[in-house]
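Enquirer: Okay, here's the structure, questions in a sec.
The values are calculated or read from the model by the stated rules, or taken from the named source; none is laboratory data. Note that this is a predicted model, so its numbers are computed, not measured. Note that each Cβ is placed from the backbone with ideal geometry, even for glycine, and that neighbours are counted across all protein chains shown. Each accessible area value is taken on the protein alone, full model and side chains, heavy atoms only, with ligands, DNA and RNA left out. Shrake-Rupley method; radii C 1.70, N 1.55, O 1.52, S 1.80 Å.
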Amino acid sequence: MAQLRIALAQTNPAVGDLAANAAGIVEWTGRAAERGAHLTVFTEMSLTGYPVEDLVLRTSFVEASLAALEALATRLAEEGLGEMPVVVGYVDRANLAPRVGQPKGAPLDGAALIHRGQVVVRSAKHHLPNYGVFDEYRYFVRGDRLPIFRLHGVDVAIAVCEDLWQEGGPVAVAAEAGAGLLVTPNASPYEREKDDVRLALVSQRAREAGCAILYVNQVGGQDELVFDGDSLVVSASGELLARSAQFAEELLVVDLDLPEARFGGLGTFETEAGDGTVITVERVELSARPLEPYEPLTPTVAEHLEDTAEVYSALVLAVRDYVRKNGFQSVILGLSGGIDSALTATIASDAIGPERVHAVLMPSRYSSEHSLSDARELVERQGINSRLVPISGVVDAFEKEIELSGLAAENLQARVRGTILMGLSNQHGHLVLTTGNKSELAVGYSTLYGDSAGGFAPIKDVLKTLVWELARWRNAQAGRSGEFLYGFARPPIPENSIEKEPSAELRPGQRDTDSLPEYDVLDPLLHDYVEKDMGSAELVAAGHDPALVARIIRLVDLAEYKRRQYPPGPKITPKNFGRDRRLPITNRWRETTL
């Protein structure tokens, strides 16, 4: 057996910021060298950020990626880090003649090994996901090479992200080629309960490949996606050896005992990949002799967050990175005293600090006194900035010029509030946070150009019942601080905001239950229809009331045009209202109950 100390660099790159991402790679490589690592592995597309979407269809962007990779290799050597082998992700291109149906320029989701100022080997993702949030057949062509580099007597193979999730391909070839270690750069987005599946999958693939696997995952927010890190190291038998923290940048350093290389020949050869394709194995040698035995570090296995803490952490990180990466200094939101705006404000305070959060209290003629007092109490508990802007006079001015009644009059109030928030955003440069939850968006309880006006929607993928759960969990953390908790001495959300019956307060005595079932009945139905894509017959068979199924399906289907115009928000479920779920707005298909 041979020893290797490997650093897994779980980093948070910014899409398109090649210079900053390269500087980060140099910095993290330096940290790895200080800790005595023999190899540093970064995440998928760590040089360009991920996902880059249509940027890869621009020749200029691909050229910049390739130039940045070469410059990075030179810089690492110039800064005394040339002896450290480094695996980085970037955008490459295949040497393919243009053809119909192929992405422009034939881009590759690439991974490269850098050593001694040179790009030693290049590879690319073989399996291209085309489900959920992924459109990789649109963006990339398939990679067909598996590099195996010999490092201190150990044969190390490189595969990229989806190559672990599919049968055959690089994992099967790594087994056939006798690799002692498989390193996998990843950009695997967060969703609830995914980590249990992820660990089981990596363990299964390790047993199939007959070698240890390093799974290095990106962390951070990118538009709707949140990457949770949770990088893993498993043995050839599938045993978890080391694990990084979730939702935070980290350098996970681990010592492994690995089998010495069994094959003497270098160069290339082709082999069947077990999925109907042929992969070229490319063997190179960096160092043939194993290291002298040394005292290994004690491996770190980070404690896994429980479900509610995990979701809350994801939302905070998403807001923090959306604000930071888009250059905003502050956020603004309407604070009604209700649970949705209270939770949104709290997430924002935890994300960027209460001093950068601005709340506007906009009571109407129908606002209850407790709503205003609850909003003021939250402001006092958290120390956020606030201002009072009553809207009755503005609404009256509109109604003097145009006669509105019923729903139109209710929506006018919401649109006045949206106009005020957007005006203050324009004046002061705040990012407007919308406060709608997934249950409301599903059934269309959202006013276009009113409460939907804004730039980011922190709880867009959070069902109402989960909103309450998150609020109660956050209050229970009062007095604690950390990566995702500000450390408020008192529970940050007033108890009355959590316990009172929800209402939009757009007409006298209005309650959500005037037109909707209780949320503990509605949300399971929405979960099955939206996230599981059940039809009406399946929903009834699952135990939902037939009349309610017909009613709620109609509401959800008719609100598609509203959701299409809603701001982006962090994805936390397997199917959010965004990249995951793409239904036609003009659509005459209707589910019918049996």
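Enquirer: Only one of 88, 62 is within 27 Å of residue 225 (Cα to Cα), part of a helix (DSSP H, G or I) and of a type outside the set (Gly, Ala, Ser). Can you tell me which?
Expert: From the options 88, 62, the qualifying one is 62.
Enquirer: Looking for whichever is without any contact (Cβ under 8 Å) to a residue 40 or more places away in the chain and more than 21 Å from the chain's Cα centre (by Cα) here; the options are 287, 237. Which one fits?
Expert: 237
Enquirer: Looking only at the range 162-176, count every residue that is in contact (Cβ under 8 Å) with a residue 60 or more places away in the chain, under 16 Å from residue 145 (Cβ atoms) and either of a type outside the set (Gly, Ala, Ser) or touching a His at 6+ places or on another chain (Cβ under 9 Å) (or both) and tell me the total.
Expert: Going through the range 162-176 one residue at a time, the tally reaches 5.
Enquirer: Look through 444, 418, 406, 436 and report the one residue that is within 31 Å of the chain's Cα centre (by Cα) and surrounded by fewer than 19 Cβ atoms within 10 Å (Cβ to Cβ).
Expert: Answer to the check: 444.
Enquirer: Given the criteria of a type in the set (Asp, Glu), open to solvent by 70 Å² or more (accessible area, probe 1.4 Å) and assigned to a loop (DSSP other than H, G, I, E, B), does residue 295 qualify? Write out each step before concluding.
Expert: Values: of a type in the set (Asp, Glu): yes; open to solvent by 70 Å² or more (accessible area, probe 1.4 Å): yes; assigned to a loop (DSSP other than H, G, I, E, B): yes.
So residue 295 fits the description; yes.
Enquirer: Touching a Pro at 6+ places or on another chain (Cβ under 8 Å), under 20 Å from residue 282 (Cβ atoms) and among the basic types (Lys, Arg): which single residue out of 93, 138 fits that description?
Expert: After applying the criteria, what remains is 93.
Enquirer: Please tell me if residue 489 is in a loop (DSSP other than H, G, I, E, B), open to solvent by 10 Å² or more (accessible area, probe 1.4 Å), of a type in the set (A, V, I, L, M) and touching a residue at least 12 places away in the same chain (Cβ under 8 Å).
Expert: On the way: in a loop (DSSP other than H, G, I, E, B): yes; open to solvent by 10 Å² or more (accessible area, probe 1.4 Å): yes; of a type in the set (A, V, I, L, M): yes; touching a residue at least 12 places away in the same chain (Cβ under 8 Å): no.
So residue 489 does not fit the description; no.
Enquirer: Pick out the one residue from 300, 268 that is over 23 Å from residue 222 (Cα atoms), touching a residue at least 12 places away in the same chain (Cβ under 8 Å) and exposed (fewer than 15 other Cβ atoms within 10 Å of the Cβ).
Expert: Among 300, 268, only 268 is over 23 Å from residue 222 (Cα atoms), touching a residue at least 12 places away in the same chain (Cβ under 8 Å) and exposed (fewer than 15 other Cβ atoms within 10 Å of the Cβ).
Enquirer: Let me ask another. Does residue 142 count as among the charged types (D, E, K, R), surrounded by fewer than 20 Cβ atoms within 10 Å (Cβ to Cβ) and either touching a Ser or Thr at 6+ places or on another chain (Cβ under 8 Å) or at positive phi (or both)?
Expert: The answer is yes for residue 142.
Enquirer: Looking at the range 454-474, which of its residues are open to solvent by 20 Å² or more (accessible area, probe 1.4 Å) and touching a Gly at 6+ places or on another chain (Cβ under 9 Å)?
Expert: Of everything in the range 454-474, just one residue is open to solvent by 20 Å² or more (accessible area, probe 1.4 Å) and touching a Gly at 6+ places or on another chain (Cβ under 9 Å), namely 454.
Enquirer: Would you check which residues across the range 248-280 are in a loop (DSSP other than H, G, I, E, B) and touching a Lys or Arg at 6+ places or on another chain (Cβ under 9 Å) and list them? Before the answer, list the steps.
Expert: First pass over the range 248-280, keeping only residues in a loop (DSSP other than H, G, I, E, B): 248-249, 259-266, 273-277.
If the condition is that a residue be in a loop (DSSP other than H, G, I, E, B) and touching a Lys or Arg at 6+ places or on another chain (Cβ under 9 Å), then 261, 263, 265, 266, 277 are the ones that fit.
Enquirer: Looking at the range 353-378, which of its residues are open to solvent by less than 20 Å² (accessible area, probe 1.4 Å) and either at pLDDT 95 or above or in a helix (DSSP H, G or I) (or both)?
Expert: The initial filter retains those residues of the range 353-378 that are open to solvent by less than 20 Å² (accessible area, probe 1.4 Å), namely 353-354, 357, 359-362, 364, 371, 374-375, 378.
Those that are open to solvent by less than 20 Å² (accessible area, probe 1.4 Å) and either at pLDDT 95 or above or in a helix (DSSP H, G or I) (or both): 353, 354, 357, 359, 360, 361, 371, 374, 375, 378.
Enquirer: Only one of these conditions is not met by residue 167: (1) on the phi > 0 side of the Ramachandran plot; (2) open to solvent by 40 Å² or more (accessible area, probe 1.4 Å). Which number is it?
Expert: (1)
Enquirer: Tell me yes or no: at least one residue of the range 112-120 is of a type in the set (S, T, N, Q) and either over 26 Å from residue 230 (Cβ atoms) or not in a helix (DSSP H, G or I) (or both).
Expert: So far as the range 112-120 goes, yes, one or more of its residues are of a type in the set (S, T, N, Q) and either over 26 Å from residue 230 (Cβ atoms) or not in a helix (DSSP H, G or I) (or both).
Enquirer: Looking at 7, 37, 22, 32 in this structure, which one is at pLDDT 95 or above, surrounded by 18 or more Cβ atoms within 10 Å (Cβ to Cβ) and assigned to a loop (DSSP other than H, G, I, E, B)?
Expert: On inspection, the qualifying residue turns out to be 37.
Enquirer: Which condition does residue 134 not pass, out of (1) within 30 Å of residue 575 (Cβ to Cβ); (2) open to solvent by less than 20 Å² (accessible area, probe 1.4 Å), if it passes all the others?
Expert: Among (1) within 30 Å of residue 575 (Cβ to Cβ); (2) open to solvent by less than 20 Å² (accessible area, probe 1.4 Å), residue 134 violates only (2).
Enquirer: Given the options 83, 53, name the one that is on the phi > 0 side of the Ramachandran plot and surrounded by fewer than 19 Cβ atoms within 10 Å (Cβ to Cβ).
Expert: Just a single option satisfies the conditions, and that option is 53.
Enquirer: Could you check, for the range 323-344, whether at least one of its residues is buried (at least 19 other Cβ atoms within 10 Å of the Cβ), closer than 18 Å to residue 482 by Cα, at pLDDT 90 or above and in contact with a strand residue (DSSP E or B) (Cβ under 9 Å, 6 or more places away or on another chain)?
Expert: No: zero hits.
Enquirer: So, one more: Is one or more of the residues making up the range 504-517 open to solvent by 40 Å² or more (accessible area, probe 1.4 Å), at pLDDT 90 or above and basic (Lys, Arg)?
Expert: no
Enquirer: Condition first: in a loop (DSSP other than H, G, I, E, B), exposed (fewer than 14 other Cβ atoms within 10 Å of the Cβ) and more than 25 Å from the chain's Cα centre (by Cα). Now tell me which residues in the range 518-541 satisfy that.
Expert: Across the range 518-541, the qualifying residue is only 518.
Enquirer: How about the range 556-570: which of its residues are open to solvent by 40 Å² or more (accessible area, probe 1.4 Å), touching a residue at least 60 places away in the same chain (Cβ under 8 Å) and part of a helix (DSSP H, G or I)?
Expert: 558, 562
Enquirer: Considering only the range 202-235, state which residues are open to solvent by 10 Å² or more (accessible area, probe 1.4 Å), more than 19 Å from residue 39 (Cα to Cα) and not in a helix (DSSP H, G or I).
Expert: Once the filter is applied, which keeps residues that are open to solvent by 10 Å² or more (accessible area, probe 1.4 Å), more than 19 Å from residue 39 (Cα to Cα) and not in a helix (DSSP H, G or I), the range 202-235 yields 210, 222, 223, 224.
Enquirer: Shifting gears a bit: Any chance the range 345-361 includes a residue that's over 24 Å from residue 480 (Cα atoms) and not basic (Lys, Arg)?
Expert: Checking the range 345-361: at least one residue is over 24 Å from residue 480 (Cα atoms) and not basic (Lys, Arg).
Enquirer: Moving to a separate point now. Write out, first by first residue and then by second, each pair whose Cβ atoms fall under 8 Å of each other, whose residues are 6+ apart or on separate chains, and whose first residue, in the range 397-415, is farther than 14 Å from residue 449 by Cβ while the second is in a helix (DSSP H, G or I) and open to solvent by less than 30 Å² (accessible area, probe 1.4 Å).
Expert: Close Cβ pairs satisfying both conditions: 399/409; 399/412; 404/412.
Enquirer: Need pairs with beta-carbon distance below 8 Å; first residue farther than 28 Å from residue 29 by Cα and open to solvent by less than 50 Å² (accessible area, probe 1.4 Å) and within the range 92-116, second modelled with pLDDT under 85 and hydrophobic (A, V, I, L, M, F, W, C); sequence gap 6+ or separate chains.
Expert: 102/96; 106/96
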